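Report on one structure; see the data block that follows.
Quick note: the coordinates plus some simple rules give every number you see, no bench work behind them. What you see is a predicted model; the values in this text were computed from it and never measured. Cβ placement follows ideal geometry from the backbone for every residue including glycine, while neighbour counts extend to all protein chains displayed.
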Amino acid sequence: MTATNEFGHLDTPLEASSSPALKFEVYARCSTTKARASKMHLPHYTAHTPMFMPVGTMGSIKGITTKQLEALDCHVILGNTYHLGSRPGPELLEKAGGLHKFMAWDRGLLTDSGGFQMVSLLKLANITEEGVEFENPHDGQKMMLTPEMSIGLQNAIGADIMMQLDDV
C-alpha cells in the first residue's frame, strides 16, 4: 500500500526484503509516531533496529574491546572507508580476511563512502568530476577516491552495509 506523506511525496514502506545480502523485516510499529522495530539479517549478524551504532573510524572503538561491545549487545560498528583505505590499507585488510577478522568482530559492519572527508579534510582534498584526490596525512602520498574505488575499499573491508560515494 502506498500513501502520501506530509510533504506530498509518496511513501513506499519497506515491509520486507529477502535479498541474499540483506533480509529486512518489520516486527512492530507505533501507530502514533510510525516508528518501527525491525530486524536486519546481514551476512555476519542479525541486527535489531533502532540501534546504537558506535563509530570505529579505524577499526576499533577507543577504550573498549569487541568482547565488551558484544556484552553491551552492540550489533553493528561503523568503519570509515577513507581512513581504513589509508591505513591499514586494502592489501593488509584483504590479507587479514577483512576488517571482521582484523578486529575480531563477528557482528555487523557498516562503512561510509569516504565522502564526508571531501568536506572535513578539504585542505587535503581536490574535488574533480572523477572523484576526490586526497593527500594522505600519514605519508603525503596522493590517493584518488572514485565511486568505484570507494566500493572496492568497502569490499576489501568486508562491510555488511556499504554507502556509495556521491556528490557533496
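Please report the antiparallel percentage of DSSP beta bridges with both residues in the chain, rounded to the nearest 5.
Taking every DSSP beta bridge within the chain, about 75 percent pair in antiparallel fashion.
So which chymotrypsin sites (Phe, Trp or Tyr not before Pro) in segment 73-141 pass both tests, a DSSP loop state and at most 15 other Cβ atoms within 10 Å of the Cβ?
116
Work through the residues other than residue 88 whose Cβ is under 12 Å from its Cβ and net out their charges, Lys, Arg +1 and Asp, Glu -1.
Its environment carries a net charge of 0.
Pop out the ³J(HN,Hα) list for segment 31-48 in order, Karplus 6.51 cos²θ - 1.76 cosθ + 1.60 with θ = phi - 60°, rounded to Hz; leave Gly and Pro as x.
My calculation for segment 31-48 gives 6, 7, 9, 6, 4, 10, 10, 8, 10, 10, 8, 9, x, 9, 5, 9, 9, 9 Hz in order.
Let me check the size of segment 109-168 from its C-alpha atoms; what are the radius of gyration and Dmax in Å?
11.3, 31
Lys and Arg at +1, Asp and Glu at -1: add these up for the other residues within a Cβ distance under 13 Å of residue 74 and post the number.
Its environment carries a net charge of -1.
Using Stokes-Einstein with the Kirkwood hydrodynamic radius over Cα pairs, what translational diffusion coefficient do you get for segment 49-101 at 10 °C and a viscosity of 1.306 mPa s, in µm²/s rounded to a whole number?
134 µm²/s
I'm a student and want to see the number: the projected area of the Cα convex hull of the chain, averaged over all directions, in nm².
12.4 nm²
Looking only at 151, 64, 127, which one moves most when the chain is put into a Gaussian network model with springs between Cα atoms under 10 Å?
Of 151, 64, 127, the most mobile in the Gaussian network model is 64.
Can you list the HN-Hα couplings for segment 115-130, worked out from phi with the Karplus curve (6.51, -1.76, 1.60; θ = phi - 60°), rounded to whole Hz and with x for Gly and Pro?
So the Karplus estimates, Gly and Pro as x, are x, 4, 5, 4, 9, 5, 10, 3, 5, 9, 10, 10, 8, 10, 5, 7 Hz.
Summing -39500 (n - 2.57) over the DSSP H runs of n ≥ 4 in the chain and dividing by its residue number, what mean residue ellipticity at 222 nm do you reach, to the nearest 500 deg cm²/dmol?
Calculated from helices alone, the mean residue ellipticity at 222 nm is -5500 deg cm²/dmol.
Work out the length of the dipole vector of the chain about its Cα centre, built from +1 on the beta-carbon of each Lys and Arg and -1 on the beta-carbon of each Asp and Glu, and round it to the nearest 20 debye.
For the chain, the charge dipole is close to 680 debye.
For a 27 Å ceiling on Cα separation, which of these pairs sit above it: 39/67; 23/101; 23/95; 62/101?
23/95
Using the Karplus curve 6.51 cos²θ - 1.76 cosθ + 1.60 with θ = phi - 60°, work out ³J(HN,Hα) for each residue of segment 79-94 in order, rounded to whole Hz, and write x for Gly and Pro.
x, 9, 4, 4, 5, 5, x, 7, 7, x, x, x, 4, 5, 5, 5
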